[in-house]
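Structure record follows, encoded as structure tokens.
The values are calculated or read from the model by the stated rules, or taken from the named source; none is laboratory data. The model shown is predicted, which means the values in this text are computed figures rather than measured ones. Virtual Cβ from ideal backbone geometry, glycine too; neighbours counted across all protein chains shown.
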Amino acid sequence: MLGPNLTAAPRRKTRQIMVGTVAVGGDAPISVQSMTTTKTADVEGTLQQIYALAGAGADIVRCTCNREEAAAGLARIVPRSPVPIIADIHNNHLMALAALDAGVHGLRLNPGNITNPAKIKEVATAARERGVSIRIGVNAGSLDATLYRKYGGATPEAMVESAQIELAYLQEVGFEDVKISVKASYVPLMIEAYRMLADATDHPLHVGVTEAGPGVPGLIKGTAGIGTLLAEGIGDTIRYSLTADPVEEARAGRQLLESLGLRARKNVDLIACPSCGRAEIDVIAVATAAMDAFGEREIPLQVAVMGCVVNGPGEARDADLGIAAGRHKGHLFIKGQNVAVVAEDAMVDALVEYAEAIMRDGAEAVLARADTDRARRAADEDRAALLDEQGSDANASEAKVELIHRKLHPGQA
Ligand code: SF4
């Protein structure tokens with residue numbers, strides 16, 4: 001279930017447009033986008049990636065349409081795609097017209113690339129006739145040269161003006177099904193540009209940090225930019241631009257929305273203790289194995305992997321399901337109540353099995369048929385034995401404090 005929205009400001013009011021069957025803006029759920037990295041002419045390879053992206057949380061997928069073969073690919077991909085397809089258009093407006101003929105659900109136009117107003121209006125007229133929406137995708141790195149000179153660089157003002165000029169061209173032919181993005185790779189610049197744009201228009205906004213790069217730095221940049229704006233109520237559809245498998249983009253987008261309470265959880269939310277001197281297992285290895293085992297399964301539960309039975313069940317009592325290690329065993333618990341004991345090497349399989357049972361029968365039914373008394377006794381025994389072995393200070397903190405004290409005050413007892 002979607003919890004109370006405690007993190008985000010009220011959502012900015014926008015008009016609503018459609019990208020195929022997916023509504024964007026207004027009161028529609030904030031959607032996740034990603035982009036294929038295959039050649040669009042490779043129909044089977046591209047469809048395979050689109051299915052993977054949809055499985056990882058993408059609601060809309062964009063494919064490049066840079067040449068005739070790509071447009072021909074789109075004609076074959078769109079009817080078989082599980083999600084709406086947007087064509088990314090580069091410098092040639094004829095490719096936009098070809099993508100419309102291919103049946104795409106949306107176009108992305110970069111005002112810095114196609115600058116001839118007559119060609120822009122020709123595309124908008126054809127899109128209007130087909131009920132296809134357009135994203136005006138301003139990018140700091142490819143800002144229109146005239147605006148770049150006028151503002152002395154890619155400033156927030158220049159990016160917003162670029163979007164407004166393009167929007168005016170579309171409106172001249174009665175086209176309003178527009179969403180807008182003003183992306184930059186420098187996070188403070190994109191945040192300021194989006195804030196200005198949000199004040200200047202009621203069109204829905206596609207939010208992203210462009211060229212965020214690989215790995216953790218890319219994820220952090222994307223999250224800093226997109227998350228900040230979402231928390232301010234700005235943003236109707238989002239895309240992470242990572243130098244990675246695009247499945248990672250879709251997953252990150254979905255997780256960000258779920259983390260902010262803006263979309264209901266779709267997959268397992270795996271939590272794990274940070275591990276400490278009490279840990280009875282390699283928590284990182286078991287948690288990673290559990291993440292792999294759950295994969296993209298649609299199990300919207302919070303599942304905990306805890307390093308010890310001494311504190312684990314209590315620390316994770318709010319999780320829907322969890323397992324805590326103790327003396328070569330795994331103690332399974334549901335909402336803090338012990339339900340079963342399994343061998344240490346069966347911990348991950350047991351988690352998956354119980355998660356599936358909860359999804360199928362409900363937590364109450366699983367609890368009702370479990371021998372909770374026996375499971376609790378086993379957990380109590382292992383907890384007591386561990387406390388006996390390790391004492392109440394398994395991290396040896398008190399001994400270290402004592403050592404520090406003795407070294408600093410050699411004369412004192
Ligand atoms: Fe994990 Fe147990 Fe240490 Fe808590 S006390 S961090 S559950 S190993």
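Of all residues in segment 82-109, count the ones that are at pLDDT below 95 and either in a helix (DSSP H, G or I) or touching a helix residue (DSSP H, G or I) at 6+ places or on another chain (Cβ under 8 Å) (or both).
Qualifying residue count, segment 82-109: 0.
Do we find a residue being more than 9 Å from the ligand (Cβ to nearest atom) and touching a helix residue (DSSP H, G or I) at 6+ places or on another chain (Cβ under 7 Å) anywhere in segment 274-285? Walk me through how you get there before you give the answer.
To start, the set of residues in segment 274-285 that are more than 9 Å from the ligand (Cβ to nearest atom) comprises 282, 284-285.
If we keep only those that are touching a helix residue (DSSP H, G or I) at 6+ places or on another chain (Cβ under 7 Å) too, we end up with none.
Among the residues of segment 274-285, not one is more than 9 Å from the ligand (Cβ to nearest atom) and touching a helix residue (DSSP H, G or I) at 6+ places or on another chain (Cβ under 7 Å), which makes the answer no.
State yes or no: is Thr36 under 22 Å from the mean Cα position of the chain (by Cα), under 25 Å from Arg297 (Cα atoms) and surrounded by fewer than 16 Cβ atoms within 10 Å (Cβ to Cβ)? Steps first, please.
On the way: under 22 Å from the mean Cα position of the chain (by Cα): yes; under 25 Å from Arg297 (Cα atoms): yes; surrounded by fewer than 16 Cβ atoms within 10 Å (Cβ to Cβ): no.
Spelling it out, it is not the case that Thr36 is under 22 Å from the mean Cα position of the chain (by Cα), under 25 Å from Arg297 (Cα atoms) and surrounded by fewer than 16 Cβ atoms within 10 Å (Cβ to Cβ).
Do we find that Pro246 is over 18 Å from the mean Cα position of the chain (by Cα) and in the same structural domain as Gly131 (by TED's automatic domain parsing) in this structure?
Values: over 18 Å from the mean Cα position of the chain (by Cα): no; in the same structural domain as Gly131 (by TED's automatic domain parsing): yes.
Answer is no for this residue.
Among (1) over 25 Å from Gly137 (Cβ atoms); (2) assigned to a helix (DSSP H, G or I), which single condition is Leu257 missing?
(1)
Looking only at helices (runs of 4 or more DSSP H) that lie completely in segment 301-413, which have at least 1 residues being in the same structural domain as Val286 (by TED's automatic domain parsing), of a type in the set (Phe, Trp, Tyr) and more than 21 Å from Ala279 (Cα to Cα)?
347-361
Taking the residues in segment 227-254 that are hydroxyl-bearing (Ser, Thr, Tyr) and in a loop (DSSP other than H, G, I, E, B) as candidates, determine which candidate is nearest to the ligand (Cβ to nearest atom). Steps first, answer last, please.
If we filter segment 227-254 for residues that are hydroxyl-bearing (Ser, Thr, Tyr), which is where we start, we get 228, 237, 240-241, 243.
From what is left, the residues that are in a loop (DSSP other than H, G, I, E, B) are 240-241, 243.
Numbers: Tyr240: 30, Ser241: 35, Thr243: 34 Å.
The qualifying residue nearest to the ligand (Cβ to nearest atom) is Tyr240.
So Val268 clears everything in (1) surrounded by 18 or more Cβ atoms within 10 Å (Cβ to Cβ); (2) at pLDDT below 95; (3) at positive phi except one condition, right? Which one?
It fails just one condition, (3).
Would you be able to say whether some residue in segment 339-346 is within 16 Å of the ligand (Cβ to nearest atom) and among the small types (Gly, Ala, Ser)? Steps first, please.
Keep residues of segment 339-346 that are within 16 Å of the ligand (Cβ to nearest atom), which gives 344.
From what is left, the residues that are among the small types (Gly, Ala, Ser) are none.
No, there is no match, as no residue in segment 339-346 is within 16 Å of the ligand (Cβ to nearest atom) and among the small types (Gly, Ala, Ser).
Working carefully through the options Ala346, Ala355, find the one that is modelled with pLDDT of 95 or more, more than 29 Å from the chain's Cα centre (by Cα) and within 24 Å of Asp292 (Cα to Cα). Let's see the steps before the verdict.
Values: Ala355 fails: more than 29 Å from the chain's Cα centre (by Cα).
After ruling out the rest, the residue left standing is Ala346.
Looking at Leu219, Leu229, Leu260, Leu256, which one is in contact with an Asp or Glu (Cβ under 9 Å, 6 or more places away or on another chain) and at negative phi?
Working: Leu229 fails: in contact with an Asp or Glu (Cβ under 9 Å, 6 or more places away or on another chain); Leu260 fails: in contact with an Asp or Glu (Cβ under 9 Å, 6 or more places away or on another chain); Leu256 fails: in contact with an Asp or Glu (Cβ under 9 Å, 6 or more places away or on another chain).
Only one candidate passes the filter, namely Leu219.
Consider Ala355 carefully, then state whether it is in contact with a Phe, Trp or Tyr (Cβ under 8 Å, 6 or more places away or on another chain), within 13 Å of the ligand (Cβ to nearest atom) and among the small types (Gly, Ala, Ser).
Working: in contact with a Phe, Trp or Tyr (Cβ under 8 Å, 6 or more places away or on another chain): yes; within 13 Å of the ligand (Cβ to nearest atom): no; among the small types (Gly, Ala, Ser): yes.
No, not satisfied.
Can you find a residue in segment 107-115 that is in the same structural domain as Thr201 (by TED's automatic domain parsing) and among the small types (Gly, Ala, Ser)? I'd like the intermediate steps shown before the answer.
Residues of segment 107-115 that are in the same structural domain as Thr201 (by TED's automatic domain parsing), as a first pass: 107-115.
Those left that are additionally among the small types (Gly, Ala, Ser): 112.
Yes: segment 107-115 contains one or more residues that are in the same structural domain as Thr201 (by TED's automatic domain parsing) and among the small types (Gly, Ala, Ser).
Give the residues of segment 237-248 that are over 11 Å from Gly208 (Cα atoms) and surrounded by fewer than 24 Cβ atoms within 10 Å (Cβ to Cβ), sorted by residue number. First the steps, then the outcome.
Looking only at segment 237-248, we keep the residues that are over 11 Å from Gly208 (Cα atoms), and these are 243-248.
Passing the criteria: Thr243, Ala244, Asp245, Val247, Glu248.
How many residues are of a type in the set (Asp, Glu) and surrounded by 24 or more Cβ atoms within 10 Å (Cβ to Cβ) if we restrict to segment 152-167? Steps first, answer last, please.
In the first step, residues of segment 152-167 are kept if they are of a type in the set (Asp, Glu); the result is 157, 161, 166.
Right, trim to surrounded by 24 or more Cβ atoms within 10 Å (Cβ to Cβ) and you get 166.
Of the residues in segment 152-167, 1 are of a type in the set (Asp, Glu) and surrounded by 24 or more Cβ atoms within 10 Å (Cβ to Cβ).
Please verify whether Asp292 is more than 16 Å from the ligand (Cβ to nearest atom), surrounded by fewer than 18 Cβ atoms within 10 Å (Cβ to Cβ) and of a type in the set (D, E, K, R), treating the condition exactly as stated. Walk me through it before giving the result.
On the way: more than 16 Å from the ligand (Cβ to nearest atom): yes; surrounded by fewer than 18 Cβ atoms within 10 Å (Cβ to Cβ): yes; of a type in the set (D, E, K, R): yes.
Judged against the criteria, Asp292 is a match.
As an exercise: evaluate Cys308 against (1) within 16 Å of the ligand (Cβ to nearest atom); (2) surrounded by fewer than 21 Cβ atoms within 10 Å (Cβ to Cβ) and give the number of the one condition it does not meet.
(2)
Any residue at all in segment 200-216 that is farther than 30 Å from Tyr354 by Cβ and free of Cβ contacts under 8 Å to residues at least 12 places away in the same chain? If you could, list the steps in order and put the result at the bottom.
If we filter segment 200-216 for residues that are farther than 30 Å from Tyr354 by Cβ, which is where we start, we get 200-216.
Okay, now just the ones that are also free of Cβ contacts under 8 Å to residues at least 12 places away in the same chain, so 216.
Yes, segment 200-216 has at least one match.
Considering only residues that are assigned to a loop (DSSP other than H, G, I, E, B) and of a type in the set (Gly, Ala, Ser), which ones fall in segment 136-171? Outline the logic, then answer.
Taking segment 136-171 as the starting set, the residues that turn out to be assigned to a loop (DSSP other than H, G, I, E, B) are 143-144, 152-155.
Those that are assigned to a loop (DSSP other than H, G, I, E, B) and of a type in the set (Gly, Ala, Ser): Gly152, Gly153, Ala154.
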